[in-house]
Structure formats: structure tokens, C-alpha cells
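The structure under discussion appears below in the form of C-alpha cells.
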């Protein structure tokens with residue numbers, strides 16, 4: 001017996017990068033869920049945003065939020081597990097370290113999104129006023145706009161890493177957070193499940209951006225959505241399952257390719 005888990009990014013991967021719609025994928029999602037496949041969102045979004053997505057997609061509310069900061073709904077997969085597993089320090093502690101320890105000249109290149117005007121927040125995130133409020137109501141991460149050059153960005157990354165924090169590069173903003181990522185949280189979730197589960201676990205990872213790389217590298221079947229910016233083109237490897245279609249059709253495409261490959265591999 002084996003259990004297939006799909007760990008998936010949302011924005012630009014399963015959700016259209018502009019409209020955030022996934023209507024074209026709803027029927028397919030229902031079909032694979034009925035086959036017993038578990039879909040686990042693994043996103044930079046907040047828990048409230050992903051909870052809402054799960055309701056709309058009609059899937060279990062087991063997910064990973066804020067770039068690996070918290071695993072929610074573990075008890076849905078295994079009643080002996082806790083409802084939540086927190087990997088990160090609170091955002092207030094993270095922000096304090098950032099403000100007190102990062103060089104001023106680098107820090108001045110960073111604009112904290114929550115401190116900007118509502119109109120600017122809406123324009124950058126592509127969301128309505130109500131959606132912005134939910135998106136910025138974070139527990140573990142701080143969205144940042146970086147206005148520096150490449151050399152300054154490298155300097156920022158090095159300083160953040162030295163402080164035991166991380167900067168995750170998403171599609172629209174940078175996210176300052178603790179030393180966690182989507183891959184770490186995915187592995188912890190699977191390790192917790194393995195304690196009471198003897199089934200073989202097969203993982204499909206799907207993403208389109210820099211902050212998805214750790215998750216993809218640790219997946220049995222990593223899938224790369226080639227978005228219009230081809231951000232990850234230089235990181236592509238032959239083993240990646242890819243799609244050039246627009247989201248969410250690209251998501252359907254790579255899942256079908258992955259399931260076909262899994263079926264073939266299991267028969268060998």
C-alpha cells in the first residue's frame with residue numbers, strides 16, 4: 001500500500017497569478033481526492049487565507065502556512081497528532097532582531113509592507129482591501145519590499161542568514177521569517193505521520209518560485225511551473241516535471257504527468 005501526498009504552492013502554481021482563480025481545476029481536484037490522494041497546500045499565505053482556500057477547494061484543512069512556519073490540521077491526518085505544530089518564533093521577535101542587528105544602510109532599502117498605505121498594499125499584492133487585511137495579519141513572517149540592487153540584496157541575505165533568520169523570495173514580495181522553509185516543514189509533517197503509518201509515502205511537490213525550491217528538492221516527484229518570468233529556469237534539473245501552461249491548467253498538467261510516472265515506477 002502507498003499514500004500519495006501533493007505538497008503544493010498556491011499563488012502562480014495552483015492559483016492564477018493575476019486573478020487567484022482556480023475554477024478550472026476544481027473538478028480535477030475533487031477527482032484525485034476521491035482516489036485517496038492528499039493535497040496539502042504549502043504556501044507563504046496566512047493560515048486564514050489557506051483555510052479559506054481549502055473550503056473553496058473542498059479539501060481537508062491540513063496545510064503549511066507562512067513559508068513553513070506552522071503546520072495546521074495534523075490531527076485530520078492522524079488523530080493522535082496535535083492540531084498545530086509551530087516551527088517559528090513570533091514575528092515580533094523576528095522583527096526586533098532585524099531592526100536591531102541589520103546594518104542601517106541595508107535596512108533602509110527595505111520597506112515593511114504593513115507600514116505602507118492601503119493603496120500601495122493593494123497594488124503590490126493585487127488584492128482587495130479586505131483581502132489585504134487578511135494577508136497581512138501574520139504570526140511569523142513580515143512581507144518586505146526591497147529597493148536595493150543585486151549586490152545589496154546579497155548583503156541583505158548574508159546578514160539575515162547570520163542572524164539565524166531567513167528571507168524567502170516569493171512572486172510579489174520578500175518574506176522575512178525565522179530559519180524555516182517549506183521543505184523543512186514538509187519533512188516534519190511526513191516524519192510525524194510515519195510514527196503510526198506503515199504505508200509507503202510518495203510525495204509530489206509543485207511550485208513556481210524561489211521559495212519553493214527546498215520543497216521541490218525533497219519531493220519524490222518535483223514539479224516546476226514555468227511562469228512567464230521563468231524565475232527558476234536556471235535551477236531546472238532533468239528530473240523536474242514541468243509545464244508551460246498557465247495556472248491552474250499547469251497544475252493539472254504536472255499532477256497528471258506525476259501520477260502517470262508514479263504508476264509506471266510502481267510497476268517496475
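The values are calculated or read from the model by the stated rules, or taken from the named source; none is laboratory data. If you're wondering where the values come from, they're calculated on a predicted model, not measured in any experiment. In this analysis, Cβ positions are derived from the backbone assuming ideal geometry, glycine residues included, and neighbour counts consider all displayed protein chains.
Where strands (runs of 3 or more DSSP E) sit wholly within region 149-267, those with at least 1 residues that are modelled with pLDDT of 95 or more occupy 165-169, 174-178, 200-207, 221-225. Of the numbered criteria (1) outside the structural domain of residue 43 (by TED's automatic domain parsing); (2) touching a strand residue (DSSP E or B) at 6+ places or on another chain (Cβ under 8 Å), the one residue 192 fails is (1). For residue 157, the conditions (1) more than 29 Å from residue 37 (Cα to Cα); (2) in the same structural domain as residue 8 (by TED's automatic domain parsing) are fulfilled apart from (2).
Condition check ((1) touching a strand residue (DSSP E or B) at 6+ places or on another chain (Cβ under 8 Å); (2) within 20 Å of residue 205 (Cα to Cα)) across all residues:
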residue: 53; (1), (2): yes, yes
residue: 61; (1), (2): yes, yes
residue: 66; (1), (2): yes, yes
residue: 76; (1), (2): no, no
residue: 79; (1), (2): no, no
residue: 86; (1), (2): yes, no
